[in-house]
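Enquirer: Sending over a structure as structure tokens; questions will come in a sec.
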Amino acid sequence: MPRLVSAPQQIDAQWLTDVFHAAGVATDARVAGIERRGVGTGQMGRNVRFDLRWEGDPGDAPRSVVGKFPSDDPKSRATGTAQGAYEKEVRFYRELASTVEIRTPRCYFADVEPATGDFVMILEDLTPAIQGDQLAGCGPDAAALALTEAARLHAPRWGDPDLANFDFLRGPSQESATILQALYQALFPGFAERYQARLSEDELGLIERVGPRLSRWLLDGDSPLTLVHGDFRLDNMLYGTPEGGYPLAVVDWQTLGLGAGPSDVAYFVGAGLLPDERRKHEEALLRDYHEQLCAAGVSGYDWDRCFREYRRASFGGIVMAVVASMIVEQTERGDDMFMVMATRHVAHATDLDAEALLT
């Protein structure tokens with residue numbers, strides 16, 4: 001097995017040759033040279049594309065791959081390590097990706113040292129696919145593709161008791177709910193100070209009111225648990241283009257956990273579509289998602305229950321905006337993204353009268 005490395009400069013042609021041979025790829029050829037270039041906009045991890053020069057006959061082996069590594073920012077790396085984010089992503093590809101139907105890049109190699117945060121993944125390069133843009137949002141067709149992939153993630157492990165055997169997965173618990181509520185309330189004053197000029201009084205008011213009721217919000221759901229992505233949004237999606245690529249592939253599994261399937265759906269719809277577009281299309285999108293769950297074998301989960309859980313989940317993006325913005329490196333695009341999340345998810349929760357479910 002290739003050794004664990006944790007920085008792009010530690011990758012060389014021999015190491016990549018060992019990776020491919022261990023994966024059963026291009027065993028009659030070797031990587032003779034590589035070129036590196038950064039890709040993506042992640043804040044918890046660093047992505048680098050490796051262009052490959054082969055010696056021998058590589059057959060249909062890739063001509064480029066994407067490597068994922070810990071963030072260069074000490075604050076973001078410490079957060080990723082403490083939250084087990086790097087371990088979750090590595091173990092998703094190694095242990096769970098093959099048990100669900102969602103489209104992800106092929107993973108040629110993944111390894112992690114949870115205690116230090118050292119990790120590396122070598123993934124299929126999905127070029128010419130293009131990354132979704134959280135700031136710009138998307139239309140209903142792109143949203144429909146995303147929710148089809150959500151159903152392909154959620155349905156295969158819906159209510160599966162065996163998921164409890166994976167020690168790196170976290171589901172709702174009194175302990176985790178108490179910790180998250182305390183963290184949210186501790187971070188809210190700094191969030192409000194940093195972003196008050198970009199949020200209205202009403203928006204900040206709702207964001208503040210979530211805090212004291214966060215623990216109850218986490219524990220009151222009645223949907224069966226399944227695998228959830230946890231950060232199911234446009235920036236973590238790669239859409240195919242006329243030049244090629246899968247219709248949609250989902251990346252960045254560092255927030256993987258156990259939860260209600262509609263939580264990923266509300267998180268995507270709430271901020272992925274601009275508010276006017278969301279209001280026009282969200283019921284049709286959610287009904288289609290529910291129908292796909294049922295067609296995939298999910299039973300005993302009627303529309304009313306799905307819609308109630310979707311309403312509850314509309315607060316998820318608010319929680320992410322407050323917590324994540326304050327525990328990762330601050331960047332200009334990051335600030336814009338967190339404000340898009342905060343304002344759109346507040347509008348979403350307000351439109352759904354979701355606060356009534358917290359009383």
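The values are calculated or read from the model by the stated rules, or taken from the named source; none is laboratory data. Not measured: the values here are computed from a predicted model. A quick note on method: Cβ atoms are made from the backbone with ideal geometry, for glycine too, and the neighbour counts reach across all protein chains shown.
Enquirer: Can you tell me which of Arg30, Arg46 is basic (Lys, Arg) and at pLDDT below 95?
Expert: Arg46
Enquirer: Something else now. Select, from Thr99, Thr127, the only residue that is without any contact (Cβ under 8 Å) to a residue 60 or more places away in the chain, out of contact with any Lys or Arg (no Cβ under 6 Å at 6 or more places or on another chain), surrounded by fewer than 20 Cβ atoms within 10 Å (Cβ to Cβ) and β-branched (Val, Ile, Thr).
Expert: Thr99
Enquirer: Please count how many residues of the stretch 291-325 are of a type in the set (Gly, Ala, Ser), part of a helix (DSSP H, G or I) and either assigned by TED's automatic domain parsing to the domain that holds Ala78 or surrounded by 20 or more Cβ atoms within 10 Å (Cβ to Cβ) (or both).
Expert: Residues that pass the stated criteria total 5.
Enquirer: Of the conditions (1) surrounded by 14 or more Cβ atoms within 10 Å (Cβ to Cβ); (2) in contact (Cβ under 8 Å) with a residue 24 or more places away in the chain, Thr27 satisfies every one except a single condition; which number is it?
Expert: The one condition Thr27 does not meet is (2).
Enquirer: Sort through Ala110, Ala136, Ala155, Ala146 and tell me the only one that's of a type in the set (Gly, Ala, Ser), modelled with pLDDT of 95 or more and under 17 Å from the mean Cα position of the chain (by Cα).
Expert: None of the others qualify; the one that does is Ala146.
Enquirer: Asp335 versus (1) under 22 Å from the mean Cα position of the chain (by Cα); (2) in contact (Cβ under 8 Å) with a residue 40 or more places away in the chain; (3) surrounded by 15 or more Cβ atoms within 10 Å (Cβ to Cβ): which is the lone unmet condition?
Expert: (3)
Enquirer: Let me ask another. Tally up the residues in the stretch 165-178 that are in contact (Cβ under 8 Å) with a residue 60 or more places away in the chain and either closer than 24 Å to Thr343 by Cα or out of contact with any strand residue (DSSP E or B) (no Cβ under 6 Å at 6 or more places or on another chain) (or both), please.
Expert: So the count comes out to 3.
Enquirer: Within the group Val19, Val65, Val25, which residue is at pLDDT 95 or above and touching a Leu at 6+ places or on another chain (Cβ under 9 Å)?
Expert: On inspection, the qualifying residue turns out to be Val65.
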